[in-house]
Amino acid sequence: MAIKYTVKKKTQAGVVGGGERKYYAVITTDGELTIDDLVKEIEKFSSLSEPDIRGVIVALENAIQDKLANSQIVRLDKLGSFYPTLSSEGKEKEEEVNERCIKKVGINYRPGARILQTMQNAGYKKVTTKKKDKENE
């Protein structure tokens, strides 16, 4: 198990004109896992059937959506927590703040200690891409 990364040349964040361009490690993903794939993985560690697992995943998704939409934090023990966020315009007076000031609503995820520890222990593997990144030239 290793976290894969590539190297990319980037400008310095927050520096006018980009500052000095330097090389940075950038994570690269290696595919994705669909619900079908996840169900097959869970079947390996469980005596539940495919329809049961799929039903639990869909029910979990629905429950999380409902609770987040009601401004609740959803804590899933070792998996982590989901919590609702929003950003709004600033106003001079408290009474000027209303729902029209809200620009964006979102969801943040804070991983649990076990997931963070797994990521820290995973190690790293430098990979090269087949395409030449124009920014690296």
Before we move on, is GLY18 over 30 Å from ILE73 (Cβ atoms) and without any contact (Cβ under 8 Å) to a residue 12 or more places away in the chain?
-> yes
Say whether the condition of being in contact with a strand residue (DSSP E or B) (Cβ under 8 Å, 6 or more places away or on another chain), of a type in the set (Val, Ile, Thr) and surrounded by 10 or more Cβ atoms within 10 Å (Cβ to Cβ) is met by at least one residue in the range 49-64.
-> yes
Given the conditions (1) over 30 Å from THR6 (Cα atoms); (2) modelled with pLDDT under 95, and given that GLU96 satisfies all but one, which numbered condition is not satisfied?
-> (2)
What about ASP52, is it at pLDDT 95 or above and more than 20 Å from the chain's Cα centre (by Cα)?
-> yes
Sole exception among (1) under 30 Å from LYS126 (Cβ atoms); (2) modelled with pLDDT under 90; (3) among the hydrophobic types (A, V, I, L, M, F, W, C) for VAL16, by number | (1)
Does at least one position in the range 5-26 carry a residue that is under 26 Å from ILE57 (Cβ atoms) and either assigned to a strand (DSSP E or B) or out of contact with any Cys (no Cβ under 8 Å at 6 or more places or on another chain) (or both)?
-> no
Among (1) surrounded by 12 or more Cβ atoms within 10 Å (Cβ to Cβ); (2) more than 16 Å from the chain's Cα centre (by Cα), the one test that ASN121 misses = (1)
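The values are calculated or read from the model by the stated rules, or taken from the named source; none is laboratory data. All values derive from a computational prediction rather than experimental measurement. Using ideal geometry, Cβ is built from the backbone for each residue, glycine included, and neighbour counts are taken over all protein chains shown.
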